[in-house]
Amino acid sequence: MLAKINSAVLFGVEARLVDVEIDLSQGLPLLSIVGLPDLAVKESKDRLRSAIKNTGFHFPIKKITVNLAPADLKKEGSAFDLPMAVGILAADGLIRKETLDRYLIVGELSLDGRIKPIRGALSIGLLAKKLGKEGLIIPSENGPEAAVVSGIRVLGMDTLPQVIEFLNGKQEVSPVNVNISDIISKKSDYSEDYSEVKGQTHAKRALEIAAAGGHNLLMVGPPGSGKTMLAKRFPSILPRMPLDESLEVTQVHSVVGLLSDQAPLLSTRPFRSPHHTISDAGLIGGGQIPRPGEVSLAHNGVLFLDELPEFKRNVLEVLRQPLEEGKVTISRASTSLTYPSRIMLVAAMNPCPCGYFTDPQRNCVCTPTAVQRYRSKISGPLLDRIDLHIEVPAVSFRDLSIETKDEPSETIQNRVQIAREFQSRRFQKEGIRCNAQLRPKQLKTHCAIDESSKRLVEMAMSRLGFSARAYNRILKVARSIADLDQRELISSADISEAIQYRSLDRKILT
């Protein structure tokens, strides 16, 4: 007897179709799984026997061959437990085979037949819709996550007998429904607000420009000046995520298994802040079984690197590709995976090892050699990929003692939202979302400047030694400054302000 079940395996952040083929034949009782299964799939033999027996069904005493096709694709994880159990019972004549091809089936089985949650339910739901399946049979805990995909029936199941009764037409199961519009329209509730930050008007202005254009930013200042405080509140002024970006972010977090039951769709931009002891694989992704790293978990959000020079040099250098291309490609001997990583990098560092090189109130005790060694940990190519470099000085007692509240995050976010909508209308045919993603050939069209601005940029490049990449960054930042004022033309004042956000890397870091 032969049965075939439609299932899926995760490949990067996407899901791919896997045909679970089961053949029952006469011979010595043996359960054999072929098709490049990993250890978790091989261990499913014992789970299948116990789950089928403990739910009142008879496990066939025959030679059972399970083929996971295509055979050249590595099969990982425990999501094949449920389709294999259904396939064995269908091949034994206990399930109507004509219903099997209409559904995609995934799920892990416990020994008592309960269906346990899996990773990547959203990606599997998107695959089921792409294949034109009638529905998706999935663990009930993963139901809301998969139900985010419209146009497909998501059937959350709790036990193996419930799946069998449904496939035999003896039990009705209501599809899981999720109100996506309510999730997206729900305002982001941030516990931290920019109104709590005293002073630092210059830094707040730079952060607003960075949020408006999606730019990378570096803050340099002594300890206690508020760099980390500013960075943690940065997501509260970012524009609200549209549905397509929410799906991209949710898909990455779903594959890693970081989604909670209460949040089937992430509506707030991610904020990731890894420790400086992180490895390059932890930051960029990889490992023996490739998994997304911190840059992918921060996709469409913020990656905050505090104490930037304390990160290993090789860890920082692997950031070049995601900062430039918005994706990470991990190559192995057998396969190559690509993860999305369109991030906004926000970094913070001290100006020297002791931290007081630029502080007028305290003396720096570092030798010139120690200062130079500390600064050289950040390479020039990496600095060129950071659009804004700002100095964050120590906050004075006068600023700290002021009782009046500063401008709240919601007010700043509204201005940023208007600027992003301004860009969205401009780039609707370009395939990009913000100014930071402008390619060199598009700069001439969208970042044209007059003769006085050109002379200003030429003077700055000759005196400060800016690279060609830095020149492009200046134009992009000036474009964002003009967008905050809803102006199509870039003025010389915009260029001048953009240049001052580039001068710090030469003034302090060289």
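Looking at region 75-90, I want the residues that are without any contact (Cβ under 8 Å) to a residue 60 or more places away in the chain and have a partner that is hydroxyl-bearing (Ser, Thr, Tyr) and part of a helix (DSSP H, G or I) with Cβ atoms under 9 Å, at least 6 apart or on another chain. Which pairs are those?
From region 75-90, the pairs are 78/44; 81/44.
Only one of these is closer than 29 Å to residue 124 by Cβ and open to solvent by 10 Å² or more (accessible area, probe 1.4 Å): 223, 264. Name it.
Numbers: 223 fails: closer than 29 Å to residue 124 by Cβ.
Only one candidate qualifies: 264.
Residue 416 - would you say it is assigned to a loop (DSSP other than H, G, I, E, B) and among the aliphatic types (A, V, I, L, M)?
Values: assigned to a loop (DSSP other than H, G, I, E, B): no; among the aliphatic types (A, V, I, L, M): yes.
So residue 416 fails the test.
Which of the numbered conditions does residue 180 fail, given that it passes all the others? Conditions: (1) of a type in the set (A, V, I, L, M, F, W, C); (2) closer than 30 Å to residue 324 by Cβ; (3) open to solvent by 10 Å² or more (accessible area, probe 1.4 Å).
Single failed check for residue 180: (2).
Of all residues in region 374-388, which are basic (Lys, Arg) and within 25 Å of the chain's Cα centre (by Cα)?
Listed by number, the list holds a single entry, 385.
Hey, can you tell me all the residues within region 163-177 that are free of Cβ contacts under 8 Å to residues at least 40 places away in the same chain and open to solvent by 30 Å² or more (accessible area, probe 1.4 Å)?
Matches in region 163-177: 165, 170, 171, 172, 174, 176, 177.
With the checklist (1) under 21 Å from residue 324 (Cβ atoms); (2) surrounded by 19 or more Cβ atoms within 10 Å (Cβ to Cβ); (3) of a type outside the set (S, T, N, Q) in hand, flag the one item residue 457 doesn't pass.
(1) is the only condition that residue 457 fails.
Restricting attention to region 387-402, does a residue exist that is open to solvent by 80 Å² or more (accessible area, probe 1.4 Å), under 29 Å from residue 344 (Cβ atoms) and assigned to a helix (DSSP H, G or I)?
yes
Are any residues in region 434-450 out of contact with any helix residue (DSSP H, G or I) (no Cβ under 7 Å at 6 or more places or on another chain) and either at pLDDT 90 or above or open to solvent by less than 70 Å² (accessible area, probe 1.4 Å) (or both), and if so, which ones?
The answer is 437, 442, 448.
Only residues that are under 19 Å from residue 149 (Cα atoms) and charged (D, E, K, R): list them for region 244-281, please.
As a first pass, look at region 244-281 and keep what is under 19 Å from residue 149 (Cα atoms): 244-268.
Of everything in region 244-281, those that are under 19 Å from residue 149 (Cα atoms) and charged (D, E, K, R) turn out to be 244, 245, 248, 261.
Residues in region 67-85 that are buried (at least 22 other Cβ atoms within 10 Å of the Cβ) and farther than 22 Å from residue 130 by Cβ: how many? Spell out the reasoning first.
Taking region 67-85 as the starting set, the residues that turn out to be buried (at least 22 other Cβ atoms within 10 Å of the Cβ) are 68, 75, 79-85.
Checking the rest, the ones that are also farther than 22 Å from residue 130 by Cβ come to 81, 84-85.
Matching residues across region 67-85 total 3.
With respect to residue 68, is the statement that it is farther than 22 Å from residue 166 by Cβ, in a strand (DSSP E or B) and of a type in the set (A, V, I, L, M) true?
Yes; evaluated as a whole, the condition is true for this residue.
Inside region 140-169, can you point out the residues that are under 17 Å from residue 55 (Cα atoms) and not aliphatic (A, V, I, L, M)?
Passing the criteria: 158, 159, 161, 162, 165, 166, 168.
Restricting the search to region 376-416, which residues are in contact with a Ser or Thr (Cβ under 7 Å, 6 or more places away or on another chain) and among the basic types (Lys, Arg)?
Hit for region 376-416 is 405, nothing else.
Step by step: first the residues of region 465-480, then only those that are surrounded by fewer than 21 Cβ atoms within 10 Å (Cβ to Cβ) and hydroxyl-bearing (Ser, Thr, Tyr), then the one that is farthest from residue 423 (Cα to Cα). Which residue is that?
Selected residue: 467.
Cβ contacts < 8 Å: first residue under 16 Å from residue 92 (Cα atoms), restricted to region 20-39; second residue of a type in the set (A, V, I, L, M) and open to solvent by 80 Å² or more (accessible area, probe 1.4 Å), any location; separation 6+ or different chain. Result?
21/2; 22/2; 23/1; 23/2; 24/1; 24/2; 29/61
Among the residues of region 24-61, which ones are part of a helix (DSSP H, G or I), of a type in the set (Gly, Ala, Ser) and open to solvent by 20 Å² or more (accessible area, probe 1.4 Å)?
Filtering region 24-61 for residues part of a helix (DSSP H, G or I) gives 39-42, 44-54.
Among the residues that remain, those that are also of a type in the set (Gly, Ala, Ser) are: 40, 44, 50-51.
Listed by number, the residues that qualify are 40, 50.
State the number of residues belonging to region 243-297 that are β-branched (Val, Ile, Thr) and more than 22 Å from residue 15 (Cα to Cα).
Residues in region 243-297 being β-branched (Val, Ile, Thr) and more than 22 Å from residue 15 (Cα to Cα): 3 in total.
Scan region 491-499 and give yes if some residue there is more than 20 Å from residue 204 (Cα to Cα) and surrounded by fewer than 19 Cβ atoms within 10 Å (Cβ to Cβ), otherwise no.
yes
Residues of region 222-269 being among the hydrophobic types (A, V, I, L, M, F, W, C), touching a residue at least 40 places away in the same chain (Cβ under 8 Å) and under 19 Å from residue 303 (Cβ atoms), which ones?
Of everything in region 222-269, those that are among the hydrophobic types (A, V, I, L, M, F, W, C), touching a residue at least 40 places away in the same chain (Cβ under 8 Å) and under 19 Å from residue 303 (Cβ atoms) turn out to be 230, 231, 234, 237, 238, 241, 249, 252, 255, 256.
The values are calculated or read from the model by the stated rules, or taken from the named source; none is laboratory data. Keep in mind that what you see is a predicted model, and the values were worked out from it rather than measured. Every residue, glycine among them, receives a Cβ derived from its backbone with ideal geometry; neighbour counts consider all protein chains shown. The protein model used for the area step is the full one, side chains on, heavy atoms only, and it has no ligands, DNA or RNA in it. Shrake-Rupley method; radii C 1.70, N 1.55, O 1.52, S 1.80 Å.
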